[in-house]
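Only one structure is covered here, and it is reproduced in the block below.
The values are calculated or read from the model by the stated rules, or taken from the named source; none is laboratory data. Not measured: the values here are computed from a predicted model. For neighbour counting, all protein chains shown are included, and Cβ atoms are generated from backbone atoms with ideal geometry for every residue, glycine included. Surface areas here come from the heavy atoms of the whole protein model, side chains and all, with no ligands, DNA or RNA. Shrake-Rupley method; radii C 1.70, N 1.55, O 1.52, S 1.80 Å.
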Amino acid sequence: MAVGNLEFIKSGSGTSVSDLSITDCFSSKYDVYQVVINTINLASIDLFFRFINSGGVVSSANYDDAVLLQRSYGAFGENKNTGATSLGSIGFSDYTDKGGATVIYIFNPTNSNSYTFALWQNAGASTIGTPVRKGIGVLKQTASMTGINFNASGNMSIRARVYGLRVDS
């Protein structure tokens, strides 16, 4: 099996919002998706994500994740969560309007016989140095997911694009 190209599916953006949903972007056409957030403007808040199914945003306490925080200005740290209501942190800035970048890979979101897995990495902007995160997470629910929701504890500006990863044989 050889990996093919990324195929653009859908994008979404918001300004001064606390959450953003990109709906109907996952289908049985792909098993792997890439989500690229190339604009994140936050003010001293973290950004998280959840999945969407036919019932709406899945906010039940069925998310587990582990995040390695790699600080350019100090010791590395780990955040581990079980039974959480979202995955992350996938972005942070304590500057206003300085941006950030995140890449998320999502595996098997529409397979109702499997959990939905994700891994991500990002770079943020901070007054004391660059925080970089690498994370892995799972939604422990066997249902077909159709979209993704980004949420923060305050207002943000965000722009995200969803791609399907085509696999050539």
Problem set entry | Lone qualifier among I136, I128, I106 - being among the hydrophobic types (A, V, I, L, M, F, W, C) and modelled with pLDDT under 95 | I128
For this session: Could you list, in sequence order, all residues of segment 60-84 that are closer than 19 Å to L119 by Cα, at pLDDT below 95 and either under 13 Å from the mean Cα position of the chain (by Cα) or not in a strand (DSSP E or B) (or both)?
Result: V67, F76
Problem set entry | Whichever residue in segment 146-163 is over 11 Å from the mean Cα position of the chain (by Cα) and of a type in the set (S, T, N, Q) and, among such residues, is modelled with the highest pLDDT | T146
For this session: For residues that are out of contact with any Asp or Glu (no Cβ under 9 Å at 6 or more places or on another chain), within 21 Å of A101 (Cα to Cα) and open to solvent by 30 Å² or more (accessible area, probe 1.4 Å), tally how many sit in segment 138-169.
Result: 3
Exercise. Give me the pairs: first residue in segment 125-150 and closer than 20 Å to I52 by Cβ and touching a residue at least 12 places away in the same chain (Cβ under 8 Å), second residue of a type in the set (A, V, I, L, M, F, W, C) and assigned to a loop (DSSP other than H, G, I, E, B), beta-carbon distance under 6 Å, and six or more apart or on different chains, which are they?
Worked result: M145/F26; T146/F26; G147/C25
Problem set entry | Considering residues of segment 24-51 that are over 24 Å from K134 (Cβ atoms) and modelled with pLDDT of 95 or more only, the residue most open to solvent (accessible area, probe 1.4 Å) | D24
